[in-house]
1. In segment 35-62, how many are in a loop (DSSP other than H, G, I, E, B) and touching a Phe, Trp or Tyr at 6+ places or on another chain (Cβ under 8 Å)?
2. Give the residues of segment 141-167 that are touching a strand residue (DSSP E or B) at 6+ places or on another chain (Cβ under 9 Å), open to solvent by 50 Å² or more (accessible area, probe 1.4 Å) and among the polar types (S, T, N, Q), sorted by residue number.
3. Only residues that are closer than 21 Å to Ile158 by Cα and touching a residue at least 40 places away in the same chain (Cβ under 8 Å): list them for segment 41-58, please.
4. Can you pull out the residues in segment 89-108 that are over 28 Å from Arg190 (Cβ atoms) and either polar (S, T, N, Q) or part of a helix (DSSP H, G or I) (or both)?
5. Are there any pairs, at least 6 apart or on different chains, whose C-beta atoms fall under 7 Å, with the first in segment 116-145 and in a loop (DSSP other than H, G, I, E, B) and the second of a type in the set (Gly, Ala, Ser), and if so, which?
6. Please tell me if Gly111 is touching a residue at least 24 places away in the same chain (Cβ under 8 Å), in a strand (DSSP E or B) and farther than 19 Å from Leu160 by Cβ.
7. Kindly establish whether Ile86 is over 17 Å from the mean Cα position of the chain (by Cα), buried (at least 17 other Cβ atoms within 10 Å of the Cβ), modelled with pLDDT of 95 or more and within 19 Å of Gln34 (Cβ to Cβ).
8. Scan segment 40-57 for residues that are surrounded by 17 or more Cβ atoms within 10 Å (Cβ to Cβ) and either modelled with pLDDT under 95 or farther than 18 Å from Lys185 by Cα (or both) and jot them down.
Amino acid sequence: MKKVLATVTLLIAAFHLAGVAHAQTTNYWPLVPQTKLEGFETNTGTVVLKATTPIGNVTTGSGELSVMCRQITDLGTGRREFGVVITFAENSRPDEMCLIDYDELDSLEDGLDYLNKVDSSVTALPSFEAVYTTKGGFRIGAYGDRSNGSLGFGARNIRLLAPPLRLSRAQVGQLRSVLHQARTKLDSLRKGK
């Protein structure tokens, strides 16, 4: 009986350790790309061409959001993807960026339209938070508190722990306008394929 119990205990321990060892080895794999633009970063054995053009900036009290159009081409296959790069520049931290695929731009513009109109009437509760997030981690939100009448906006990269860059309602509208300009530029580039 002791031999059977010892064998079963060893088998359970071996099974458990095999699972732990497997879980540890998978931790070394990079994150799966969330956007088509990020997907090009995993291409190997080929030349990948990244082209950008600046579109506009939204300047705030503590930093700046810069919007650029991006076209990425795998020169081996000729495959192309288009999108937008939003760069956060703040005085107190290094620049960070988010990639947004072309096919997300319409819904992002719609989200910005909603956020730019939102107020405390959206809920009967005393406070609210309305946010829009892209696949690449760009998040913009409106935050309100009925008790003190405050309403604020913020944008951030959710992949980092940095606090949001604070925006005014007018700056949210300005960002929407710059993104629309970027989409118009990308439309012309895509037609020239």
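1. Of the residues in segment 35-62, the ones in a loop (DSSP other than H, G, I, E, B) are 35, 43-47, 60-62.
Next, only the ones that are touching a Phe, Trp or Tyr at 6+ places or on another chain (Cβ under 8 Å) stay: none.
Summing the residues that are in a loop (DSSP other than H, G, I, E, B) and touching a Phe, Trp or Tyr at 6+ places or on another chain (Cβ under 8 Å) in segment 35-62 gives 0.
2. Across segment 141-167, the qualifying residues are Ser147, Ser150.
3. The first filter runs over segment 41-58 and keeps only residues closer than 21 Å to Ile158 by Cα, leaving 41, 57-58.
Of everything in segment 41-58, those that are closer than 21 Å to Ile158 by Cα and touching a residue at least 40 places away in the same chain (Cβ under 8 Å) turn out to be Asn57, Val58.
4. Within segment 89-108, Asn91, Ser92 qualify.
5. As it stands, the answer is Val118/Ala130; Val118/Ala142; Asp119/Gly144; Pro126/Ser147, since those pairs meet every condition given.
6. Working: touching a residue at least 24 places away in the same chain (Cβ under 8 Å): yes; in a strand (DSSP E or B): no; farther than 19 Å from Leu160 by Cβ: yes.
No; evaluated as a whole, the condition is false for this residue.
7. On the way: over 17 Å from the mean Cα position of the chain (by Cα): no; buried (at least 17 other Cβ atoms within 10 Å of the Cβ): yes; modelled with pLDDT of 95 or more: yes; within 19 Å of Gln34 (Cβ to Cβ): yes.
No; evaluated as a whole, the condition is false for this residue.
8. Pass one, segment 40-57, residues surrounded by 17 or more Cβ atoms within 10 Å (Cβ to Cβ): 40, 55.
Result: Phe40, single match.
The values are calculated or read from the model by the stated rules, or taken from the named source; none is laboratory data. Note that the coordinates shown come from a computational prediction; the quantities given were computed from them, not determined experimentally. Here Cβ is always computed from backbone atoms with ideal geometry, including for glycine, and neighbour counts include all displayed protein chains. For accessibility, only protein heavy atoms count, side chains too; no ligands or nucleic acids. Shrake-Rupley method; radii C 1.70, N 1.55, O 1.52, S 1.80 Å.
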